[in-house]
Amino acid sequence: MSDPRADECLGRGASQRDAAAAAGEEGSSAGRSDGSSGSPDRREFLAWASVATASLLPLAGCGETTDSDTSETDKYPERDTATPPTEGSPEPTSTTVPSPFDSVTDLTEVGADPSGTEPIDAIVEEHAADGRLLHLPAGEYRLDDGIGLSGLERFGIAGDGATIVPTADQISTVLYLNAGGPVHVENVAFDLRASDADPRVVNVRGPDDVVLRDLTVRGTLGGGNGAIRIDVTDPDGSGRIERLRLPDGSVAGERVTGCYVGDTNEGEILFKDCHIEGFSDNGLYADPTTGRMTVEGGYFANNGIANVRVKAGSVVRNVHVRCDSAARDFENMRGIWLTNHEPDADAEPPLVENCRVEMQEATYSDGAIGLTSELPGMRLRNTEIRVDVDNAHGVWAEVPYEEVGNGAGLECTGVSITGDAESGFGIKIDGRDGCVLEDIEVTHSSADRNGIGFQRSQGNVLRNARLNVGGVPILLQDATLDTFDINVAPAAIESETAEETDQ
């Protein structure tokens, strides 16, 4: 079931780490943590588009590839960026061109067919140039082979009600941009429903100012590398993906990722108000080796492995995650999964705040919010969790790897957990010392559903908690806990010694 608030966006056209690592999968996307990109948002672009449309005459008519991504670069070698535009190309304008571009070309004025009859592959590649924004007015545009461009700087493609329709059944990547500078793709829909291909739809890489905004992909992917890949290749660079719509997901039995941050990523990426639903191998897979990830807003639903997967130091804020269908039989439908590419005792804890996670139906699940063994701790604030899936924990902090140590623990504040699950814990903490839980509510009526469990975890604090569960409200297994202002009597707290826990 899709979020009704996101459905209104779908009409604009549209719409693996478990296997990805083995496949040598792809890259990532970044955005500044302050949310700035130095580029216009959709409202600014549409305002520009209306001006540009009124002045067309002055404007002269205006994937996770594996290591085969390297072969994509070979296929589309770098252009000579010193080569000026060909004679007859539109001249730059100073009044209607959005930053960071120098000129705009309306592709329909140079031969692009908006009826979808004739392909536009060659026209796009012919008119692509440094500093140029290619504009696609409203219409349907056919692609036969896909578009591949490398080495361009300050290059962009922006639509205004445009839908790109790939026709070839063997196409591997619809749009591949390996840029030498800023690169933008905005306000374009991709419709795969008439094709038997399962391509990477957009694969974009650049050192800084990498922007994907208001993109929609329609069509259920039957395999391939997934829909979107982004890499910001400079550690001081940033990127952003805003209002990405991937509502149709993938089939079962194949590992397909919705949006993937690639292994050549080094910069920051912001994901803002995205809708990703129904992918088998992570909805948002933002766990690159380096680079800070920020997920701000958005709706993520019914994805396998994880709906939102991020690394150390990342921020997940104002996000809504829901699993309410197991119809595609995906593996381990987690909500928000906090992990890292490798164990790191000094890793900065990720932050999750002001989120809502609903686990109503799933094939099976580790839980709504999970902290993996690679990370020493996390911060969780002001978040609502509902779990109706049996044996799925509301929050689960796994035992850390030996090189991580007992970690920095968890800081959980203002967390509410409810639901009809019949087994498992509201909060389960394993092998982590010094955890602080404050302003906690856990409400589960099933007789086998427990409240909070600590195992091999010392020096913990629980303050201002209301635990109303059918099972054990607090279970300490070789663990210690100081409590303040809780509704659980000391006699109701169950404790086991280390020997009893090991039995």
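Distance between Cα centroids, the range 282-300 to the range 153-171: provide it in whole Å. Each part's Cα centre sits 24 Å from the other's.
If you plug the beta carbon distance of Gln360 and Asp113 into 1/(1 + (r/R0)^6) with R0 = 51 Å, you get a FRET efficiency near 0.65. Annotation for the range 309-382 versus the range 233-277: alpha-carbon center distance of 16 Å.
Please work out whether the range 334-503 counts as rounded, prolate or oblate from its C-alpha gyration tensor, where a ≥ b ≥ c are the square roots of the eigenvalues and a/c under 1.5 means rounded, while otherwise a/b larger than b/c means prolate and anything else oblate? Cα axes put the range 334-503 in the rounded bin.
Only Cα pairs under 8 Å and 6+ residues apart enter the sum, and on that basis the relative contact order of the range 334-503 stands at 16 percent.
For the range 197-203, the Karplus equation 6.51 cos²θ - 1.76 cosθ + 1.60, evaluated at θ = phi - 60°, returns couplings of 6, 10, x, 5, 7, 9, 10 Hz by residue, with Gly and Pro reported as x.
Annotation: extensible slack from Thr167 through Thr480 equals 106.4 nm (criterion: 0.36 nm per residue apart, minus Cα-Cα distance). Count neighbours as other Cβ atoms within 10 Å of each site's Cβ, and list the chymotrypsin sites (Phe, Trp or Tyr not before Pro) in the range 346-409 that are DSSP loop with at most 15 such neighbours. Here the chymotrypsin sites (Phe, Trp or Tyr not before Pro) that fit, given the DSSP loop and packing criteria, are Tyr364. The distance between label points at Ala327 and Glu353 comes to 3.8 nm (points 7 Å beyond Cα on the Cα→Cβ vector). Close amide H contacts of Arg466 (hydrogens built in the peptide plane, cut-off under 5 Å, sequence separation of 5 or more or a different chain): Ile440, Glu441, Val442.
Maximal additional length on extending the Glu496-Ser423 stretch stands at 24.3 nm, based on 0.36 nm per residue less the C-alpha distance. For the range 172-232, applying the loop criterion from DSSP together with a ceiling of 16 other beta carbons within 10 Å to the trypsin sites (Lys or Arg not before Pro) yields Arg193. What residues of the range 337-363 lie in the reach of a label at Thr289, counting those whose backbone N is under 20 Å from a point 7 Å from the Cα along Cα→Cβ? What the label zone holds, given the 20 Å backbone N cut-off, is 339-348.
In order along the range 416-426, the Karplus-derived 3J(HN,Hα) couplings, from 6.51 cos²θ - 1.76 cosθ + 1.60 at θ = phi - 60°, round to 10, 10, 9, x, 10, 4, 9, 7, x, 10, x Hz, and Gly and Pro are given as x. Scan the range 381-480 for GluC sites (Glu not before Pro) in coil per DSSP, keeping those whose Cβ has at most 13 other Cβ atoms within 10 Å, and list them by number. Filter output for the range 381-480: Glu402, Glu403. Projecting label points 7 angstrom from Cα along Cα→Cβ for Asp448 and Arg466 puts them 2.8 nm apart. Residue by residue, the range 371-378 carries 3J(HN,Hα) couplings of 10, 8, 5, 6, 10, x, x, 7 Hz when phi is fed to the Karplus relation 6.51 cos²θ - 1.76 cosθ + 1.60 (θ = phi - 60°); x denotes Gly or Pro. The Cα center of the range 182-213 and the Cα center of the range 432-484 differ in position by 45 Å.
Here, each number is a calculation from the coordinates, and none is a lab measurement. What you see is a predicted model; the values in this text were computed from it and never measured. All Cβ positions, even for glycine, are placed from backbone atoms using ideal geometry, and neighbour counts span all protein chains on display.
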